[in-house]
Amino acid sequence: MKLKIILIYIFTSILLFPGILKSQASEDKVEKAKPKSGEGLHAFMIRHKLSPKEDLQVFIDANKGKFGKNNSLLAHHSYNIPSKTIELYEPLFGKEREKFPLESKELKGSAFYLVCGHGGPDPGAIGVYGNHELHEDEYAYDITLRLAKKLMENGAKVHLIIKDKDDGIRDGHYLKYDNHETCDGASIPLDQLKRLKQRTNKVNEFYKKDTEPYRRCLVLHLDSRSKRKQIDVFFYHYRKSKNGKILANTLRDTFDEKYNKHQPSRGFEGTVSSRNLYILRNTTPVSAFAELGNIQNYRDQQRFIKADNRQALANWLYDGLKKDFNKFNK
């Protein structure tokens, strides 16, 4: 997934809409500033966190009639400082969420490869809730999209390896099953080994092109066990990956902290262990594998079928990834 960015410059309402009522325009507060003695245009823009290269024309348009020769600043003028809002665009998130603002650049310099389990001809594990079937690939995909959006909102580059152009982020309890998922546009084979090779190769392909110092792969699945077996989120890493172990433990510790905060009497029993899984063994970036609960267990199912809980899972995974990123940059 290549990040698509639209830069939207927001000035006063009067600038954008000349015909607007004066009473409304008077409510808008525009930052203004005068240049310091001897301060040139570029230095003034940099002082006010504007790029002389990218924002020059926008600044000039917002201050017509206030410049001297060669767009020099005039000491007796106050200049409008346009605020710059960066809007991100990703149609895979669905019509209602495809446009969203960049909230921070806290994860600038990071790249994530998100792989949700199964997809295409393979729905993964199937649970039953009342009269409804719960398909692992649909719920893992929804949580992955939510995590991707959160990462992008905070400045990360994100590659969604599994994609379904028909299913954005969904808020319903029962996510309709289909087999439209692709591996970055390519059909997903039914054969398990071919499927694993395909998505592993795609991760490595993106990794090879990226230059971000911090690059991590996260694989998301739902487990399937006895209906009586309730489990907490648990994590795997490849036994030879020191940083993979650190990542998995950081994610696990983050969940422990969240449960202690939000459900202090519950406790958290999620674990970290090494597994010789194909995708962990063969992906180039540091990788971790998360099992988000038992799709057969009634209590665990609440973790998946409620949209707020799916968002909470995504948020907590994000917090763990952010902690790992900050450790890396210390």
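Taken together, the values in this text are just the output of simple stated rules run on the coordinates, not laboratory data. A quick note: this is a predicted structure, and the numbers were derived from the prediction, not measured. Note that each Cβ is placed from the backbone with ideal geometry, even for glycine, and that neighbours are counted across all protein chains shown.
Counting only residues at least eight positions apart within a chain, or on another chain, the lysines with an alpha carbon under 23 Å from that of Lys99 are Lys2, Lys4, Lys84, Lys108, Lys149, Lys150, Lys157, Lys163, Lys165, Lys322. Using C-alpha pairs under 8 Å with a sequence gap of at least 6, the mean separation divided by the residue count of the chain gives a relative contact order of 17 percent.
Looking at region 67-143, none of the chymotrypsin sites (Phe, Trp or Tyr not before Pro) sits in a DSSP loop with at most 10 other Cβ atoms within 10 Å of its own Cβ.
So for each of 234-245, 167-178, 250-261 I average, over its residues, the number of other beta carbons within 10 Å; can you give me the resulting order with the highest mean first?
The most tightly packed comes first, giving 234-245, 250-261, 167-178.
Estimated at 0.36 nm per residue, the fully extended path between Asn326 and Glu87 surpasses their Cα-Cα distance by 83.6 nm. Inter-label distance, His180 to Glu205: 2.2 nm, where each label sits 7 Å from its Cα along the C-beta direction.
Measure nothing fancy, just the Cα-based angle from helix 307-328's long axis to the longest principal axis of the chain, in degrees from 0 to 90, nearest 10. Here the helix axis deviates by roughly 70 degrees. Farthest towards the positive end of the charge dipole of the chain, among the residues Leu251, Ile162, Ser265, is the Cα of Leu251, using unit charges on the Cβ of Lys, Arg, Asp and Glu.
What angle do you read, to the nearest 10 degrees and between 0 and 90, between the alpha-carbon axis of helix 192-209 and the longest principal axis of the chain? Tilt of helix 192-209: around 20 degrees.
Below 8 Å between Cα atoms, with a sequence gap of 6+, how large is the relative contact order for region 213-302 in percent?
Answer for region 213-302 is 51 percent.
Could you please state, rounded to a whole Å, how far the C-alpha centre of region 263-330 is from the C-alpha centre of region 150-188? Rounded to whole Å, the Cα centres lie 17 Å apart. Within the listed set Lys105, Lys53, Lys95, the residue fluctuating most in the Gaussian network model of the chain (springs between alpha-carbon atoms under 10 angstrom) is Lys53.
What is the angle, in °, between the Cα long axis of helix 136-153 and the longest principal axis of the Cα atoms in the chain? Nearest 10 is fine, range 0 to 90. It works out to around 20 degrees. Classify region 203-315: rounded, prolate or oblate, from the alpha-carbon gyration tensor (a ≥ b ≥ c, eigenvalue square roots; a/c under 1.5 rounded; otherwise prolate if a/b is larger than b/c)? It comes out prolate by the Cα gyration axes. A full extension of the chain between Asn315 and Ser104 corresponds to an added length of 74.4 nm, given 0.36 nm per residue minus the alpha carbon distance.
For a label point 7 angstrom out from the Cα of Lys36 toward its Cβ, which stretches of region 72-110 have the backbone nitrogen within less than 20 Å? Under cut-off, by backbone N: 72-82. With contacts taken as Cα pairs under 8 Å and at least 6 residues apart, region 148-269 reaches a relative contact order of 13 percent.
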